[in-house]
1. Could you check the simple spin-label distance between residue 41 and residue 17, using points 7 Å along Cα→Cβ, in nm with one decimal?
2. Measuring from label point to label point, each 7 Å out along Cα→Cβ, what is the residue 145 to residue 85 span in nm?
3. Taking the alpha-carbon centroid of each part, what is the distance from region 58-88 to region 106-129 in angstrom?
4. Restricting to Cα pairs below 8 Å that are 6+ residues apart, what does the relative contact order work out to for region 81-125? Please round to a whole percent.
5. Using Cα pairs under 8 angstrom and six or more residues apart, how large is the relative contact order of region 35-196, in percent?
6. Please give every one of the lysines within straight-line cross-link reach of residue 123, meaning a C-alpha to C-alpha distance under 16 Å, and leave out same-chain neighbours fewer than 8 residues apart.
7. To the nearest 0.05, what FRET efficiency results for residue 100 and residue 51 with a Förster distance of 22 Å applied to their C-beta separation?
8. Determine which lysines satisfy two conditions relative to residue 67: a Cα distance under 18 Å, and not lying fewer than 8 residues away in the same chain.
Amino acid sequence: MRDSRGFSLLEMVVVLAIFTSVVTLAIPNLIRQSAGQRVRLAAAETVAVLRMARANATRLNVKVGVKFIITDDQVAYYRMYQDIDGDGVRSKDILAGIDTPLGAPRRMAHLGHRVGFGFPPGKPPRDPGNPKRRLDRLNDPIRFNRSDIASFGPMGTSTPGSLYLTDHRDHLVAVRLLGLTGRVRTLIYDRKTESWR
């Protein structure tokens, strides 16, 4: 029997069962969308770092390189360096103290335990530069020629290359640096169609 002011117990149980079913069906989709959003946020942060390095190169009228550092506990940092000896920012010059840092390392907010540089498991993705080929060297997600340093010249040019970000499950984003213009482009990989958009 129902009071005119409320719901019966049976009505409450039915509403609760429907609510539980809807939530159960929606959670996996929300988790996938959330993971994709985290990877896109990490890509946007990476783009901002690259643009800041390019701006520093033109402002200081010197070659500037940005190096991404991943600690053993999967915390990501970046650090910018200026070319002192005129041969570009190089890892060996950084280690020797020749190419000097422009400030302290800075932690990246959107890269960490759930999102990082790399590729998702499974079939290698198509090469964004040549979709007929698949990417190789899947242990190397930061690729600027043979280096892992993105370099910019005083005129705004850059070393061409790509950084690949993933949630280590399904999502993959490529941040591509175009050499002559120094422009940065973000591409999202669709695993179903095996295409970049």
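1. Distance between the two pseudo-spin positions: 3.8 nm.
2. If labels sit at residue 145 and residue 85, their model points lie 1.6 nm apart.
3. Region 58-88 and region 106-129 have Cα centres separated by 20 Å.
4. Values: 24 pairs, mean separation 14.0, N = 45.
The normalised contact order for region 81-125 reaches 31 percent.
5. Numbers: 346 pairs, mean separation 40.5, N = 162.
Relative contact order of region 35-196: 25 percent.
6. Correct list for residue 123: 132, 192.
7. Values: r = 21 Å, r/R0 = 0.97.
Using R0 = 22 Å, I get an efficiency of 0.55.
8. Here the lysines satisfying the reach criterion relative to residue 67 are 92.
Only the coordinates and a few stated rules stand behind these numbers; no lab work does. What you are looking at is a predicted structure, and each value in this text was computed from that prediction instead of being measured. Every residue, glycine among them, receives a Cβ derived from its backbone with ideal geometry; neighbour counts consider all protein chains shown.
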